[in-house]
1. Please compute P(r) over all alpha-carbon pairs of segment A:6-115, binned at 10 Å starting from zero, and give each bin as a whole-number percent.
2. Percent relative contact order of chain A, based on C-alpha pairs within less than 8 angstrom and at least six residues apart?
3. Past 25 Å, Cα to Cα, is the threshold; run B:22/B:98; A:44/B:9; A:51/B:57 against it and keep the listed order.
4. Among B:24, B:64, B:96, which one moves the most in a GNM of chain B with springs linking Cα atoms closer than 10 Å?
5. Springs between alpha-carbon atoms under 10 Å, Gaussian network over chain B: tell me which of B:12, B:90, B:30 tops the mean-square fluctuations.
6. Please report B:5, A:105 as a ranked list, fewest other C-beta atoms within 10 angstrom at the top and most at the bottom.
7. Using amide H atoms built 1.01 Å from N in the peptide plane, name the residues 5+ places from residue B:98, or on other chains, whose amide H lies under 5 Å from its own.
8. What spacing in nm lies between the two simple spin-label points modelled at residue A:64 and residue B:64, each 7 Å away from Cα in the Cβ direction?
Amino acid sequence: NAGVMQNPRHLVRRRGQEARLRCSPMKGHSHVYWYRQLPEEGLKFMVYLQKENIIDESGMPKERFSAEFPKEGPSILRIQQVVRGDSAAYFCASSPGNGANYGYTFGSGTRLTVV
Amino acid sequence: AQRVTQPEKLLSVFKGAPVELKCNYSYSGSPELFWYVQYSRQRLQLLLRHISRESIKGFTADLNKGETSFHLKKPFAQEEDSAMYYCALSGGAGNNRKLIWGLGTSLAVNP
């Protein structure tokens, strides 16, 4: 089991471009969480998804950000028209989602730099 | 408001000394609390969860509801304990396990 895979590890985008961050959950995990860590700040929840459903997007900026977790394939966090303030580390975590008091498994993160 | 506070950004101790990483929380309800650790160049990984009342790598953490604290303790620190430690609180409902995080404490264990 390869664990939670995030790619790319590093992503550089110019202002105004689109950024696509991918997260493949652990085998058997159907729940995905995205977090963002801005420089000198803690992790902040962005969105919680199950297959084909967005369950909680209360942490997502209202504009330019979107997330999906299709029936097949990885979860995608998409940032349109990136700005310098989007530069951060984006972490994905997955869980089996059975409602128990578990901790979930994290990916290595994608470090986005907007130039 | 739900909040996790780790007052120390950096904690430096000598090998063999006791260590305590502080975590206080604010939460209306029954909290679920976790400690995560990130070693250099590795991914975040779960260290402890209060519900399990376990000891991992010599670390323990007790939930004190009166003081709203979940401090992480180890009686004798080792150099390999040097890492970033994050306290987190589960703030979602049902199967939603979104976490609210502290800013983290960097622990340096000196030889």
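Derivation of every value follows stated rules applied to the coordinates shown; laboratory data play no part. These figures come from a predicted structure and were not determined experimentally. Backbone-built Cβ (ideal geometry, glycine too); neighbour counts: all protein chains shown.
1. 16, 50, 29, 5, 0
2. Over chain A, the number comes to 37 percent.
3. From B:22/B:98; A:44/B:9; A:51/B:57, over 25 Å: A:51/B:57.
4. Ranking B:24, B:64, B:96 by mean-square fluctuation puts B:96 first.
5. B:30
6. If I rank by nearby Cβ atoms, fewest first, I get B:5, A:105.
7. Those qualifying (amide H under 5 Å, at least 5 residues apart or on another chain) are B:91, B:92.
8. 4.4 nm
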